[in-house]
Each structure stands twice: as structure tokens, then as C-alpha cells.
1. Restricting the search to region 274-292, which residues are under 15 Å from the mean Cα position of the chain (by Cα) and over 20 Å from ASP3 (Cα atoms)?
2. Among the residues that make up region 22-45, is at least one of them within 21 Å of GLY198 (Cβ to Cβ) and more than 19 Å from the chain's Cα centre (by Cα)?
3. Return the residues of region 234-256 that are crowded, with 18+ Cβ neighbours inside 10 Å and at pLDDT 95 or above; say none if nothing qualifies.
4. Within region 257-267, does at least one residue satisfy the condition of being crowded, with 16+ Cβ neighbours inside 10 Å, β-branched (Val, Ile, Thr) and assigned by TED's automatic domain parsing to the domain that holds HIS108?
5. Could you tell me whether ARG90 is modelled with pLDDT of 95 or more and either in contact with a strand residue (DSSP E or B) (Cβ under 7 Å, 6 or more places away or on another chain) or within 19 Å of TYR151 (Cβ to Cβ) (or both)?
6. Restricting attention to region 235-243, does a residue exist that is in the same structural domain as LYS200 (by TED's automatic domain parsing), of a type in the set (A, V, I, L, M, F, W, C) and closer than 30 Å to VAL163 by Cα?
7. Please indicate, with yes or no, whether at least one residue in region 58-77 is outside the structural domain of TYR151 (by TED's automatic domain parsing), touching a residue at least 60 places away in the same chain (Cβ under 8 Å) and either farther than 22 Å from PHE109 by Cβ or not aliphatic (A, V, I, L, M) (or both).
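The values are calculated or read from the model by the stated rules, or taken from the named source; none is laboratory data. This is a predicted model, so every value here is computed, not measured. Neighbour counts are summed over all protein chains in view; Cβ atoms, including those assigned to glycine, are modelled from backbone coordinates with ideal geometry.
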Amino acid sequence: MKDLIIIGAGPAGLATAIEAKRHQLDYIIFDKANVVNTIIQYPTDMIFNSTSELLELGGLPFNSNQMRPTRREAVRYFQRVARHFGLDIRPYHEFFALDYKDEGYSLHFRHTIRTTEFTENSRNVVIATGFYDVPKRLDVPGEDLPHVRHYYREAFPYHDQDVVIVGAGNSAVEAALDIFRNGGRVTMIHRGDRVKKGVKYWILPDILNRIREKSIRLIANAKVIGISADTVAYERKGKRGEANADHVLALTGYQPDRSILERTGAAFDALTLEPRVDPASFESSRPGLYFAGSMLAGIYPNRIFIENARGHGEVIIKHILSQKR
């Protein structure tokens, strides 16, 4: 029987493990991929909003070559955190079921490569799986065609291609600018009347100027209604239109995995996917079961960042220690 099992080896999971180890708790971190898998999936040349010191865990310095670190620097830093603290991390183990018993929990895992299954028992569980694995779908015909993607990595495949980007938040804007500067022809389709207010302040003037000079086309107040092999159909002010599309990037955001919430048996809001927790401890409706990181934000992931989630582990471990007999 472990003291604690942490599901998710992202920054929130790592921070929780650091605190658990400092207080000599018997713990394990499981992740269905590897350390900070979400950050690994970010666009290749992404730059963080936060400065490096606001991403630091456990007091280990994060030295960056610039004020805001790159994706590559962040991945290397968090992997160094795991090595520096000697964290017990079991990569490529997917959590798929949980049973509650009076003395704790039985958690069932499946190795994602070897497909073997096994069970671990723990008095406490922290769910820190993030939100990036489940994109918010458009739910329109053609969304599952092979040229439609919900993730963006880099611009080079889109040179001399017509690219439709659905959305106008940070991900969509950064992809649009990157593709435009690497020879792609970009059209953005957005339900709102302008680029989202939350776009990074140092990028906002750039995208607005590109739209004004018509280097990037923005179709505002429009709703995508279908995707074909070479066009995206949309409705705007009661009229139907089409945009040429060799590729479609549906960058409309991401959300927590509802199935994980359901597997825990903890109470959560069915609309917002926010787990119901005690804000003083992050303990859920089930004793000894906690949520940490962006899972707490439900479908509003922009409410929680690494810089304001890295303290969740300290709060959770303090509460666990207060419950020990």
C-alpha cells in the first residue's frame, strides 16, 4: 500500500512528487507517455508566456537563453527536475480504472507499449493529467478527413499551400503567422468579431497588421459548417461561403479527458468538467483523491498555468500529512 500515487508527469505532478519525497512519503508517478508529454506536443518553436523563474519547481534554477523560454528549453528543464530529485516515474503506463476500499484505492494500469496490465494500491491519489490530449471538436462533416488536424507542430509542410485555420486564440494566431512567414496562404475563420483579447501582447500587433494588409485573411463572425477535400464551408450572417483548403488546422482549444473524471468516481460539473474540490486542499468528493494542475480548470484551461499550479502539490501533501495517523 503506497502513501500516494500521482497520475500525470507534467509540472503539477512533478511538483507534487517533489513535496511527497521531501516528506518521505512512499509514492509513484505514472504517465501514459513520458515526462511533460503535453509540452513535448507543443509547436516546435513555441515560446512560453511565463518567464523561466515562474516555471521553476522545487527551487531548482531554470536558466534560459532569453526572457521567456522555448519549448525545447522547458522540456529539458523539467526532465532535469525529474533526474535531480530522483523522482520515481513510471512512463508509458496508462491509468484505466480505480476501485475504492476503506483503506485506500486500487488503481489499474496498462503498459501502453507492452499492453500488460497490473494493479497498484495507495491510500491517496492525485490526478494531474492536464488537458492537451482532447481537442475541442468542431463536430462538422469532414472533420475526420486526413488533411484536418487539431494540433500544430511547424510551418514547413504548408509551404505554397492553402491553409484554413479555425480559431483566433494564441495557438491559431501563432500558427497563422508562422505559416504565412514560411510561404503558406492562410485564411482564419473565427466565430467572434476579432482576434481574441487573450492573444499574447507582443504578438497581437503583428497579427492585426497582417490582417489589415490582407497578408492573412480573417473571416470573422463565421461558423464552420463542413469540410471537404479542398474547401471549408462556413456560414456568416446567414449566408454560406467557402474557403480553399489544402490543409485545415482546427485550433479551437483543448479540454480535460472526461473519461478520466468518470473513472475516478469523483463529482464534477457535467458542463464545465471542473471537479468539485475543497479549495483549501484540492481534495475531491472522495476522501484521499485529489486534483492538481489544469484539471481543476475544466474547459477553461487558460485559468491555470504552470506558474499558479506549481504550488498545488505543496497544498495537497500538507493535507495528506494532516490526515495521517
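1. Matches in region 274-292: GLU274 only.
2. Looking through region 22-45, none of the residues is within 21 Å of GLY198 (Cβ to Cβ) and more than 19 Å from the chain's Cα centre (by Cα).
3. If the condition is that a residue be crowded, with 18+ Cβ neighbours inside 10 Å and at pLDDT 95 or above, then TYR234, ALA243, ALA245, VAL248, LEU249, ALA250, LEU251 are the ones that fit.
4. yes
5. yes
6. yes
7. No, region 58-77 contains no residue that is outside the structural domain of TYR151 (by TED's automatic domain parsing), touching a residue at least 60 places away in the same chain (Cβ under 8 Å) and either farther than 22 Å from PHE109 by Cβ or not aliphatic (A, V, I, L, M) (or both).
Conditions (1) within 19 Å of ARG236 (Cα to Cα); (2) of a type in the set (D, E, K, R), marked per residue:
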{"residue": "ASP160", "(1), (2)": "no, yes"}
{"residue": "ILE165", "(1), (2)": "yes, no"}
{"residue": "ASN170", "(1), (2)": "no, no"}
{"residue": "VAL173", "(1), (2)": "no, no"}
{"residue": "ALA176", "(1), (2)": "no, no"}
{"residue": "GLY184", "(1), (2)": "no, no"}
{"residue": "THR187", "(1), (2)": "yes, no"}
{"residue": "ARG191", "(1), (2)": "yes, yes"}
{"residue": "VAL199", "(1), (2)": "no, no"}
